[in-house]
Amino acid sequence: MKKVVYFFPFSESGLKNRLFEPYSNPKANVPPFDYLKSYLERNNIEARTIDLWDESQDGQSDLLIVFDHPPVGIYKFLYRLRDLVRRKDTFPIKNHRLFKILPKFKRKVLMQWESAVNNPWVYKNIPSIVAHYDQSYFIPKASGFSHFYYPQNFNHLNQTHFGKPRTKFMVMMNSFTQAKGFWQFELYSHRVKALEFFGQRDEIDLYGPRWGSPPSTIIRKIWKGFADDKPATMAEYKFSLCFENAIWPGYVTEKIFDCLSVGTIPVYWGAPDIEDDVPASCFIDMRRFENFEALRRFLHSLTSENIKRYQDSIRAYFNSTSFKKFTPEHFSETILNIIQDQAI
């Protein structure tokens, strides 16, 4: 008999098993939940989203995995106030019913993906939140808890684009948003400052959603909308400003891998322990520079031979065991080990 594992997705859009469907834009790098479902099926495990759970089977269900804990405390109040203004009820099964559902499962597991600047309620209330779960795992490292790695949806370089000649200088690909807490660690405002600095010099293009009301006329000028083919667009540039949402240990997301996979050199700022995961020879560390002008001088000093050395290091990294922990296979093995209650 097949074992069934239930998942609480990040948002309502993932319900009805849509979490496990191939993403509508195959050229975007999103977590490989479609691969995860097929991997679990090969191991006689069926993955379902929580809305497909039959509550009448109370006491029969074994395992529930929650992706990111919903807002609590003052943040819960603020989100409900926002919903009242918008006249909508956002994700009620998670935001209102989670604590009623959790006790009905024999095992409850939290997998926290987002950083403290986006989910501050988790990091301000870790003891009380993890008390609701049997195990808790974090991408942004939290003392005393196991760390897991943000999975990419590829396991090799993008050979179609990696070796292409670069005709443009620099790009940034990010959505526009703002921190919700732990502002001392946020990098959203630094993205805006970088865009304005390089935008004044016509040395950067910006792609991503929600920049329709940008912070300045400079950003309005450099914003190119949404990149329908992210790898192909990224591969037109020598460099990419690659700032995570937050400066936090272990918080390494898809942003640096979007660049590396197509041979665009990332200017990285984010996880202070990034070199534990990606060799320093593969990227340009923003922390080395006093300001954006110093960074700019360095970038303009690099020759084609210098860039090739970065790309050679990237090739070596993708062929190494170090990259394997970010692959769909490793992520799926991690989930399987959690399901089988094995250490990760």
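Throughout, read-outs are computed from the coordinates displayed, never taken from laboratory work. As the structure is a prediction and not an experimental result, all values here were calculated from the model. Cβ coordinates were reconstructed from backbone atoms using ideal geometry, including for glycine residues, and neighbour counts include every protein chain displayed.
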>> Cβ-Cβ under 6 Å, sequence separation 6+ or interchain: first residue in the stretch 24-36 and assigned to a loop (DSSP other than H, G, I, E, B), partner among the charged types (D, E, K, R) and buried (at least 16 other Cβ atoms within 10 Å of the Cβ). Which pairs?
In response: K27/K230; A28/K230; N29/E254; N29/D258
> When you scan the stretch 134-155, how many residues do you find that are touching a helix residue (DSSP H, G or I) at 6+ places or on another chain (Cβ under 8 Å) and over 30 Å from N319 (Cα atoms)?
Replying inline: 2
> If you scan the stretch 174-196, which residues turn out to be polar (S, T, N, Q) and surrounded by 14 or more Cβ atoms within 10 Å (Cβ to Cβ)?
Replying inline: N174, T177
>> So if I check each of G163, G144, G208, which one is touching a residue at least 12 places away in the same chain (Cβ under 8 Å) and either over 19 Å from the mean Cα position of the chain (by Cα) or closer than 24 Å to M111 by Cα (or both)?
In response: G163
>> Which pairs turn up if I take residues in the stretch 166-177 that are under 10 Å from R191 (Cα atoms) and look for partners that are among the acidic types (D, E) with beta carbon separation below 9 Å, at least 6 apart in sequence or on another chain?
In response: M172/D205
> Given the conditions (1) assigned to a helix (DSSP H, G or I); (2) of a type in the set (K, R); (3) closer than 30 Å to C282 by Cβ, and given that K141 satisfies all but one, which numbered condition is not satisfied?
Replying inline: (1)
> Could you say which residue among K37, K100, K108 is surrounded by 19 or more Cβ atoms within 10 Å (Cβ to Cβ), charged (D, E, K, R) and over 19 Å from M1 (Cβ atoms)?
Replying inline: K108
>> If I filter the stretch 145-153 for residues that are surrounded by fewer than 21 Cβ atoms within 10 Å (Cβ to Cβ) and part of a strand (DSSP E or B), do I get at least one hit?
In response: yes
> How about the stretch 197-210: which of its residues are surrounded by 19 or more Cβ atoms within 10 Å (Cβ to Cβ) and over 17 Å from T253 (Cβ atoms)?
Replying inline: F198, G199, I204, D205, L206
> If you take the residues in the stretch 307-337 that are of a type in the set (S, T, Y) and in a loop (DSSP other than H, G, I, E, B), which one is nearest to S261 (Cα to Cα)?
Replying inline: T327
>> Can you report the number of residues in the stretch 1-19 which are surrounded by fewer than 17 Cβ atoms within 10 Å (Cβ to Cβ), among the hydroxyl-bearing types (S, T, Y) and touching a strand residue (DSSP E or B) at 6+ places or on another chain (Cβ under 8 Å)?
In response: 0
